[in-house]
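Reading through the C-alpha cells given below for one structure.
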Amino acid sequence: MKSTLLLIPSLIIFITLSSYSPANNLRDTNALQPLIPSDAEIGSGLKQALQQGISKSADQLSAVDGFFGNAAIKIVFPPQAKNAEKALRGLGLNKLCDNVILSLNRAAEDAAKQAKPIFIDAIRHMSLQDVTNILLGPPDAATQYFKRTTSPQLVLAFKPVIQKSLDKVGATKYYGDAAKEYNKIPFVSKINPDISDYATQKAIDGLFYEIALEELNIRKNIGARSTPLLQKVFAFADSQKNH
C-alpha cells in the first residue's frame, strides 16, 4: 500500500511533463498575441476609422450651435478687432456685437456641411505608407496629415461656401456695420470690414480640432472601435507601440 502511494506523485509528474511541449507553449503564446492584419486590412481599417471620425465631427459641427455652443472653437471677434468690440460695447452696441458673433458661428456651421466630401477624398488618396505612418504614429498623426495635405484645398473650397454663408446669415452686414461704426471713432486704427478670410480659417481650425479629438478617442477608447476590423487593426497598432 505504501509503495503504491509513493508511485502516485511520480505518475502525476510524468503525466504533466508528457503533456508539455514547446509547440504547445508556442501556440498558447501566439493565442495571446493580436492577429497581424494584412496591408489591405490596415489600409481599409484606418480609412474606415478616419471616415468614422470625420463624419461624426462634420455632423456635430454642422448642427445648430455646433460652433456657437462649443467654447473650444466658438468664433469671436478677430484679435485685431477686439478693441473695436470693446469700444462698440462701451457705446451700448451690445446687440450689434452679439449679432456679429452669432452670425460668424452660424456661417461656420453652415460651411461644415461641405467638409465631409473634401476630407473623404483626401482619405481615398492615401498611400499605404501614409496609412502605416498614421496608424503607428503619434496620437494626432492623422490630423497632422490632413493639415499638411488638405489645408490649401480646404481654404479654396471653404471660402466661397463661407462667403455665401456669411451673406446668408447676415454676418457680412453685421461685421461691416460694426467696422463702420468703429471706424467713425476719432483716432482709432481702422479695421478691415471684410471678415471672410478670418471666418474661413476659424471654421477650418474648428474642424481640425474636432477631428483630433475623434482620432484620439478611437486610438485610446477601445469601445470606439465599432467594427471587428477596427478592433483588429488598432489592437495590432497598440501591440507595436508597447514593444
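Values in this text are rule-based calculations from the coordinates and carry no lab data. All values derive from a computational prediction rather than experimental measurement. So basically every Cβ, Gly included, is an ideal-geometry build from the backbone, and we count neighbours across all protein chains shown.
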- Segment Ile222-Lys168, extension gain: residue separation times 0.36 nm, minus the distance between their alpha carbons: 15.3 nm
- Against the longest alpha carbon principal axis of the chain, how many degrees, from 0 to 90 and to the nearest 10, is the axis of helix 94-112 turned? 40
- Task: Report the percentage of all Cα-Cα pairs in segment 104-156 whose separation exceeds 12 Å, rounded to a whole percent.
- Result: 69
- Task: Can you tell me the dipole magnitude for segment 87-132 around its Cα centre, using point charges on the Cβ only (Lys, Arg +1; Asp, Glu -1), in Debye to the nearest 20?
- Result: 180
- Task: Taking the chain as the reference, fit the longest principal axis to its C-alpha atoms, fit the long axis of helix 115-124 to the helix C-alpha atoms, and give the angle between the two in degrees, 0 to 90, nearest 10.
- Result: 40
- Round to the nearest 10 and give me the degree value, 0 to 90, for the angle of helix 22-32's Cα axis relative to the longest principal axis of the chain. 20
- Message: Using the basic label-point model (7 angstrom from Cα toward the beta carbon), what is the Ser38 to Lys190 distance in nanometres?
- Response: 6.6
- Dipole moment magnitude, nearest 20 debye, segment 38-241 about Cα centre, only Lys, Arg, Asp, Glu C-beta charged: 380
